[in-house]
Structure formats: structure tokens, C-alpha cells
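**Q** Supplied in C-alpha cells, the structure appears directly below.
Just so it is clear, none of the values below were taken in a lab; they were calculated from the coordinates. Everything numeric in this text was worked out from a predicted model, so none of it was measured. Here the Cβ positions follow ideal geometry from the backbone for every residue, glycine too, while neighbour counts run over all protein chains shown.
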Amino acid sequence: MYQHHNATDLSPRERAIKKLTVGLLGLLVILAICACGAASKSTGPSGPARTQNGATPTTTATPKPVQKLNVVVSSQVIKNVEGKYRYFFDVRNHDAKDFNGSVRIELYNNKQQSALGQETFDTQSAMPTNRGTSVYFDIHTGPPSVAGEYGVTHYKYAVIVGDQEVNTGSGKIEDAITQ
């Protein structure tokens, strides 16, 4: 038969056990509510789709194919401007359609893996077929004739449309400074 106790009838140990039990039950209820809420959000109202054997099928996003564009970068000249070295490049659209995006150019030497300098150039308007533009950026490091074995010897570039690289390439930097 159920026997009711007043809080004053319990020993201090029994009161502590009772508080602990009530607290744990409250915590279990909260966890159960959270678990049900998370499950309904992740599976939707009807639950996850199932295959014939009852397993939940896995889906992988098919990556959008990258359509390569024939936009290329070539090194033009190096000029010494106010104590820095200005590297000029030609960005040219050899593709059959207009180019609207960005070109990232990075400068390297033969001794180090990290870029000595880099810059990203964005088209202001669509670049028509068989057209190009000249771009440049300045860094403190010159070619090997000035900086020795740590001088800039080559470049790498990436052509970017949206958030995808649609072309990459590299080339040699001539070891000459134009006045």
C-alpha cells in the first residue's frame, strides 16, 4: 500500500535522495523532449525514406561539372617602380564565349613552396572572345638578376568563375627588368 510521507518525516539522507531522484527524472524528460524535436527536424514529418530492406538510403551530391574556359595568363615585363618590382601580365580570353570572373596570379621562386606575392583581378565587365587586358602588381622581390637564387622565377594562375576554378596554368618569368 502506498504510504505518504511529509518532508519532515524523512531523514536528511532520504530528502537528499528524493531531490536527486526528482532532478534526474526532470533531466530525463528534458532530454527526451530535445531528442524528439531533433529527430523530427532531421527526418521531416513522415520520417526518412527507406529501401526495401529497411535501410535509410544515402545520397551524395553530384558535383556540378566544371566547364573549362580557355582564358590564359602570360608574363609580359618587370619594372622597378619606387623600390618595388612591378610584374605585368596579359590576361587573354581565347574561349568561344565571353569571360566574366576573376584571375588569381601567384609569384614563386625555385627555392620556396609558398607564394612570394599574389593578386586577384576581377573583370569589370565581360571580356569578349579574343580580347585581353594587361594587369600588374608590385612586390618587394625582384627576379634572380637582382635577388639571386630567391628571385621570382615563375608564376601560377587560376581562372575563377563563381566559386569554381575553370582553368589553371603556369609560366616562366623572364629574368630582365624593363626601364
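**Q** Please report the net charge: other residues with Cβ closer than 13 Å to the Cβ of PRO144, K and R +1, D and E -1.
**A** Working: positive: LYS111, LYS172; negative: GLU149, GLU174, ASP175.
The answer is -1.
**Q** Would you mind counting up the charge near SER125? Only other residues with Cβ under 13 Å from its Cβ, with Lys and Arg at +1 and Asp and Glu at -1.
**A** Working: positive: ARG131; negative: ASP98, ASP122.
Cβ neighbours under 13 Å give a net charge of -1.
**Q** For LYS156, give me every one of the aspartates and glutamates with a C-alpha distance below 15 angstrom, ignoring sequence neighbours fewer than eight places off in its own chain.
**A** ASP90, GLU106, GLU119, GLU165, GLU174
**Q** Using each residue's phi in region 94-105, evaluate 6.51 cos²θ - 1.76 cosθ + 1.60 at θ = phi - 60° and report the 3J(HN,Hα) Karplus result to the nearest Hz, with x for Gly and Pro.
**A** Per-residue couplings from phi come out as 9, 7, 7, 10, 4, 10, 9, x, 10, 10, 9, 10 Hz.
**Q** In addition: Can you put ILE30, ILE173 in order of Cβ neighbours within 10 angstrom, beginning with the fewest?
**A** The fewest-first ordering by Cβ neighbours comes to ILE30, ILE173.
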